[in-house]
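> Before I ask anything, here is the structure I am working with.
Any read-out appearing in this document is the output of simple, stated calculations on the displayed coordinates, not a laboratory observation. Bear in mind that the values here come from a model prediction, so they are computed numbers and not experimental data. All Cβ positions, even for glycine, are placed from backbone atoms using ideal geometry, and neighbour counts span all protein chains on display.
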Amino acid sequence: MRETSSRERRDKILEILIENDQIRVSSLCKLFNVSRETIRHDLIRLQEEGLIIKEHGSAALNRESILDIDFAKRARDHAVQKRRIGLEAAKLIKDGETIIIDSGSTTPHIARNIRNIKSLTVITPSLKVTSELGGKEGITVIMPGGIFNPTGYSLYGPQTEEFFPKINANKLFLAIHGVDIERGLTEINIQIAHLKQVMINSAKEIILVADSSKFGKVEYAGVAPIDKVNTVITDRDLDKGIAEGIQSLGINLILV
């Protein structure tokens, strides 16, 4: 096994715990061919981030920090990257703004990491986002009506779409299934695609939050050209050619 950086090692440890819930320190030492002290430092760092619980001779996943990871397989896929994307996106939120946060498995991480806000209005079709923000002082959460989507824990449909044209939001944090330089933003469901179009038209600034696995994919339902987006936040595994294509369009690209 090639030598890994501490960050890569921590990411891998978290991925292992997402799949297995718990692992022995001795097993991690053998897997990465490093000392117990090195693994101990990794586990301390992960515990400080709220991702794991250190136990005697082992580590366990802090499932609450992974946002009810069993609600859908999507939440397990690229969980580390999604958490980092959400953390970075939350830094772009300013006091006094009205923002739209899309549904998806990345966007609840944005809600979880909103800090130091005295006044904020959040409009969202996501029950997961609403749950994360519930009870946070200074944050007003507005949900449109609509049809419940049990796969995404969100609302959609005509009633949801009718709500957004009344809104003038500062920012939209948009999730998506497919991103392609030529074909733009695409979705697997035409009704969800139409809802995203309506949300895009209701915000001044569009911030796309998607892990690198979504790039280079084209789904059947078109949403918008990629140049509708002002900022893309994704992980460092993004293909270099795609990254250059995004930047060539004048889109701000943030890699985490």
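> Once you put a point 7 Å from the Cα of GLU15 and another 7 Å from the Cα of GLU37, both along the Cβ direction, what distance in nm separates them?
2.8
> Related question: Pull out the extension gain between ASN230 and LYS30, defined as 0.36 nm times the separation in residues minus the alpha carbon to alpha carbon distance; nm, one decimal.
Numbers: separation 200, 0.36 × 200 = 72.00 nm, distance 4.46 nm.
Length gained between ASN230 and LYS30: 67.5 nm.
> For each of THR124, THR38, THR160, count neighbouring Cβ atoms within 10 Å of the residue's Cβ, then give the residues from fewest to most. Present the calculation step by step, with values, prior to reporting the outcome.
Working: THR124 27, THR38 15, THR160 23.
So the residues, fewest neighbours to most, are THR38, THR160, THR124.
> Say we join alpha carbon atoms closer than 10 Å with springs in a Gaussian network model of the chain; which of SER212, SER154, SER58 then has the biggest fluctuation?
SER58
> Could you work out the helix-only [θ] at 222 nm for the chain, with each DSSP H run of four or more residues adding -39,500 (n - 2.57) and the total divided by the number of residues, to the nearest 500 deg cm²/dmol?
About -10000 deg cm²/dmol.
> Taking θ as phi - 60°, what are the ³J(HN,Hα) couplings along the stretch 219-234 by the Karplus curve (6.51, -1.76, 1.60), each to the nearest whole Hz, with x for Gly and Pro?
Taking θ as phi minus 60°, the curve returns 9, 7, 9, x, 10, 6, x, 5, 6, 6, 8, 8, 9, 10, 10, 8 Hz for the stretch 219-234.
> Also: With the chain treated as a Gaussian network of Cα nodes joined by springs under 10 Å, which of GLY145, GLY57, GLY245 yields the largest mean-square fluctuation?
Checking each option, the largest mean-square fluctuation is seen for GLY57.
> Considering the zone a paramagnetic label at GLU244 would reach in this model (a point 7 Å from Cα along the Cα-to-Cβ line), which residues of the stretch 169-194 have amide N under 16 Å from it?
What the label zone holds, given the 16 Å backbone N cut-off, is 181-182.
> Name the residues whose placed amide hydrogens come within less than 5 Å of the amide hydrogen of ASN149, ignoring near sequence neighbours (fewer than 5 apart) on the same chain.
For ASN149, whose amide H was placed from the backbone, the distant partners under 5 Å are SER154, LEU155, TYR156.
> On to the next question. If I model a spin label as a point 7 Å beyond the Cα along the Cα-Cβ vector, how far apart are those points for ASP237 and LEU255 in nm?
1.4
> Taking the Cβ of THR124 as the centre, find all other residues whose Cβ is under 11 Å away and add up their charges (Lys, Arg: +1; Asp, Glu: -1).
Details: positive: LYS128; negative: ASP102, GLU132.
Net of charged neighbours comes to -1.
> Note down the Stokes-Einstein diffusion coefficient of the stretch 113-256 in µm²/s, whole number, using a Kirkwood radius over alpha carbon pairs, 20 °C, and 1.002 mPa s.
Numbers: Rh = 16.0 Å.
The diffusion coefficient I find is 134 µm²/s.
> Still on this model: Mind giving me the nanometre distance, one decimal, between the label points for ILE44 and GLU182, set 7 Å out from Cα along Cα→Cβ?
Simple spin-label model gives 5.2 nm for this pair.
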